[in-house]
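Shown next, in structure tokens, is the structure this report addresses.
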Amino acid sequence: MSQAVQSDYATIEVRPNPSGFGACICGLDLSKPLPPITLDEVKRAWATHSVVYFPDQPLTLDELEAFTLQFGEFGHDPFIKPMKERPHVLELRREPDEKATNFGAGWHSDWSFQEAPPAATILHSEVTPPVGGDTLYADGSRAYEDLSDEMKARLEGLKAVHSAILPYGTKGVFAQEKEKRTMEIISSKDAETTQPHPLVRTHPVTGRKALYISPTYTIGIEGMEAEDAQPLLGELYLHMVQDKYVYRHKWSRNMLTMWDNRCCLHLADGGYDGHLRVMHRTTIAGDVPV
Ligand code: SIN
């Protein structure tokens, strides 16, 4: 699954995926506060690999919250009812008899329709199905870097328009859903507002540029007619989610995965009908994209 241990960390064991996008971090106990040097190394590994995963981490919800807060304030989660008395924790739960499409099934970067979307999402697996249930990640940095100079020049200065209208609007996908869903989704007029962000975003830590668009939340390009914007966005989506940029993450029980919403997209794959899947999710507040 992962490769040799990287030697430039003193307190953590980092095993990057073969592509360098995604890395396993072993040998830590996340239920306790991380010593400052270790926390800095985890942050560095996260910035370098965009998706970091820590196997064998049985965590209580208190411990999950405490782990999250070592990286920053909680993000704000709209449109999904959080866990009881845990306003910052979402339970992503799908029962064996659910037929509704699994939550998060389209490519997206979390809450990119917000003015300052979350820098990170943290997902902890409680119950993993025996088949399916993978999460896919697409590397928006490498996808950007591989674009032609001509395309990079074309994208320079463009602002993409983000909105939650397609999934969470009053006539959105969830509002029209007929099948039973355990997660409580709040379809709302608030989802119909729009938020422009640079189409190419610069990472505040690494300085790398990344494509910052998704078919779930990007509804257009500022100042461009839909007939021009949609084909351009479509071309970029197809480019970004090519196999060479995608990491398919396989879960095991009690794994914690933390990803960088500023430079990658993700998608929750289904394929586990008839089985229970339960994950707990927090987000870490981020900056206004530049
Ligand atoms: C999500 O946060 O979009 C869902 C990811 C997953 O359940 O694998």
(request) Quick one: net charge around GLU222, please, counting Lys, Arg +1 and Asp, Glu -1 for every other residue with C-beta under 14 Å from its C-beta. (result) -2
(message) Over the chain, with a Gaussian network built from C-alpha contacts below 10 Å, which listed residue (GLY20, GLY75, GLY223) shows the highest mean-square fluctuation?
(response) GLY223
(message) How large is the accessible surface of HIS266 in square angstrom, using a 1.4 angstrom probe and rounding to the nearest 10?
(response) 10
(message) Whole angstrom only: what separates the Cα centroid of region 35-95 from the Cα centroid of region 264-281?
(response) 17
(request) Specify the residue with the greatest mean-square fluctuation among ALA23, ALA119, ALA105, computed from a Gaussian network of the chain linking alpha-carbon atoms under 10 Å apart. (result) ALA105
(request) Skip the ligands, DNA and RNA, and give the accessible area per residue of the chain with a 1.4 Å probe, whole Å². (result) 45
(message) Between ALA226 and THR182, what is the label-point separation in nm under the 7 Å Cα-to-beta-carbon projection?
(response) 3.7
(request) Please report the relative contact order for region 181-280, taking Cα pairs under 8 Å with a sequence separation of at least 6, and give it as a percent rounded to a whole number. (result) 26
(message) With a 1.4 Å probe and all protein chains left in place, how much of the accessible area of the chain comes from carbon and sulfur atoms, in whole percent?
(response) 52
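Within region 136-186, list the GluC sites (Glu not before Pro) lying in a DSSP loop whose Cβ has at most 12 other Cβ atoms in a 10 Å radius.
GLU156, GLU179, GLU184
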(request) Go ahead and estimate [θ] at 222 nm for the chain from helices alone: -39,500 (n - 2.57) per DSSP H run with n ≥ 4, summed, over the residue count, rounded to 500. (result) -5500 deg cm²/dmol
(request) Could you state the orientation-averaged shadow area of the convex hull built on the Cα atoms of the chain, in nm² to one decimal? (result) 14.8
(message) Sort 83-89, 231-237 by the packing proxy (mean of other Cβ within 10 Å over each peptide's residues), most packed first.
(response) 231-237, 83-89
(request) Report the FRET efficiency, 1/(1 + (r/R0)^6), for SER252 and ASP287, where r is their Cβ-Cβ distance and R0 is 35 Å, rounded to 0.05. (result) 0.60
(request) Evaluate the relative contact order of the chain (contact order divided by residue number), counting alpha-carbon pairs under 8 angstrom at least 6 apart; express in whole percent. (result) 33
(request) Treat each spin label as a single point 7 Å out from the Cα along the C-beta direction, and report the LEU136 to ARG86 distance in nm. (result) 2.8
(request) Loop only per DSSP, at most 14 neighbouring Cβ atoms within 10 Å: give me the trypsin sites (Lys or Arg not before Pro) in region 112-218, ordered by residue number. (result) LYS171, LYS178, LYS180
(request) Just list whichever of LYS171/LYS250; LYS43/LYS209; LYS84/LYS189; LYS178/LYS250 have alpha carbons separated by over 26 Å in the model shown. (result) LYS171/LYS250; LYS178/LYS250
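The values are calculated or read from the model by the stated rules, or taken from the named source; none is laboratory data. Just so it is clear, the structure is predicted and the values come from calculations on it, not from any experiment. Neighbour counts run over all protein chains shown; Cβ positions are idealised from the backbone, glycine included. Please note that ligands, DNA and RNA were not included when accessible areas were found on the heavy atoms of the full protein model with its side chains. Shrake-Rupley method; radii C 1.70, N 1.55, O 1.52, S 1.80 Å.
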